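I have placed the structure first, in the form of structure tokens, so that the comments after it can refer back to it.
The values are calculated or read from the model by the stated rules, or taken from the named source; none is laboratory data. Note that the coordinates shown come from a computational prediction; the quantities given were computed from them, not determined experimentally. Every residue, glycine among them, receives a Cβ derived from its backbone with ideal geometry; neighbour counts consider all protein chains shown. Quick note on the areas: whole protein, heavy atoms, side chains included, nothing else; ligands and nucleic acids left out. Shrake-Rupley method; radii C 1.70, N 1.55, O 1.52, S 1.80 Å.
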Amino acid sequence: QVQLEESGGGLVQPGGSLRLSCAASGSFSSIPIMGWYRQAPGKQRELVAQITSSGITNYANSVKGRFTISRDNAKHTVFLQLNSLKPEDTAVYYCNAWNPQGAYWGQGTQVTVSS
């Protein structure tokens, strides 16, 4: 089992920045893939970014060049740096972890981009 705890959401003006963190705990040997998804009101949950334990990354087209995902394997933590934020980035951001035992989700953290 993997438990995920997110932090770092909040209210920011357009053009601003935020940094999200997600720490994994529990009983596991490894987490090959960690990532972030988001869900805006009335929309489906969508992938934002993923990173493998070897550092290979994948981004949604809408965030390429603005968001950066990274991870600390020793601390089982994944980060998402959000720059040049736009109102359409407003959503609940969910941390995700995958290993052969299953897929796990955090409780979500709200990001609101508004002037």
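Below are the figures for this structure:
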item	result
Separation in nanometres of the label points that stand 7 Å from Cα toward Cβ, at Ser62 and Ala103	1.8 nm
Per residue convex hull volume, Cα atoms of the chain, in Å³	92 Å³
Highest-MSF residue in the chain out of Ile33, Ile56, Ile69 [GNM, Cα springs under 10 Å]	Ile56
Accessible area, probe 1.4 Å, largest first, for residues Leu4, Leu11	Leu11, Leu4
Over the range 1-63: Rg over Rh, Cα atoms, Kirkwood Rh	0.99
3J(HN,Hα) from dihedral phi, the range 100-115, Karplus parametrisation 6.51/-1.76/1.60, rounded to Hz, x for glycine, proline	x, 7, x, 10, 10, 10, x, 7, x, 9, 7, 10, 10, 10, 7, 8
Full-extension gain in nm, Asn73 to Thr52, via 0.36 nm per residue minus C-alpha separation	6.6 nm
GNM top mover of Pro32, Pro100, Pro87 - the chain, alpha-carbon springs below 10 Å	Pro100
Sulfur and carbon atoms: percent of accessible area, the range 1-43 [1.4 Å]	48 percent
More than 14 Å apart - percent of Cα-Cα pairs taken over the range 54-115	66 percent
Candidates Ser27, Ser62, Ser53, ranked by Gaussian network fluctuation over the chain, Cα under 10 Å, top entry	Ser27
Average Cα contact separation per residue, the chain, under 8 Å, 6 or more apart, as relative contact order %	37 percent
